[in-house]
């Protein structure tokens, strides 16, 4: 049961985070903009260099890059979830949210 709850919460958070990139409350820091631009420049160099490498080495490098990108995505998702958890705890601590058993149980399951 807890696995089903976790999967539904995860799915909801992913949809909420990724659904509308044009919304007015999206957070895009200058540091992230710079990093995205830098990554795109480096990707061009990477793709050019990959052309000169034999196929089996290209595959090995691509698998590593895919694993790094997947790990970064999961780390980002974890930080996003942690932000929600922190907000819930702050609102509960301020007395705005009442700490109900179901909410506390959900928080424990997500941890």
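Residue-by-condition table, conditions (1) at pLDDT 95 or above; (2) surrounded by 10 or more Cβ atoms within 10 Å (Cβ to Cβ); (3) under 24 Å from residue 12 (Cα atoms):
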residue: 33; (1), (2), (3): no, yes, no
residue: 38; (1), (2), (3): yes, yes, no
residue: 56; (1), (2), (3): yes, no, no
residue: 59; (1), (2), (3): yes, yes, no
residue: 62; (1), (2), (3): yes, yes, no
residue: 71; (1), (2), (3): yes, yes, yes
residue: 76; (1), (2), (3): no, yes, yes
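From the residues in the range 83-108 that are surrounded by 10 or more Cβ atoms within 10 Å (Cβ to Cβ) and modelled with pLDDT under 70, which one is farthest from the chain's Cα centre (by Cα)? Before the answer, list the steps.
Taking the range 83-108 first, the residues surrounded by 10 or more Cβ atoms within 10 Å (Cβ to Cβ) are 83-93, 97, 99-100, 103-107.
With modelled with pLDDT under 70 added as a condition, the list becomes 100, 103-104, 106-107.
Details: 100: 28, 103: 23, 104: 23, 106: 20, 107: 18 Å.
For the range 83-108, the residue satisfying everything is 100.
The values are calculated or read from the model by the stated rules, or taken from the named source; none is laboratory data. Bear in mind the structure is a predicted one, so any value in this text is a computation, not a measurement. So basically every Cβ, Gly included, is an ideal-geometry build from the backbone, and we count neighbours across all protein chains shown.
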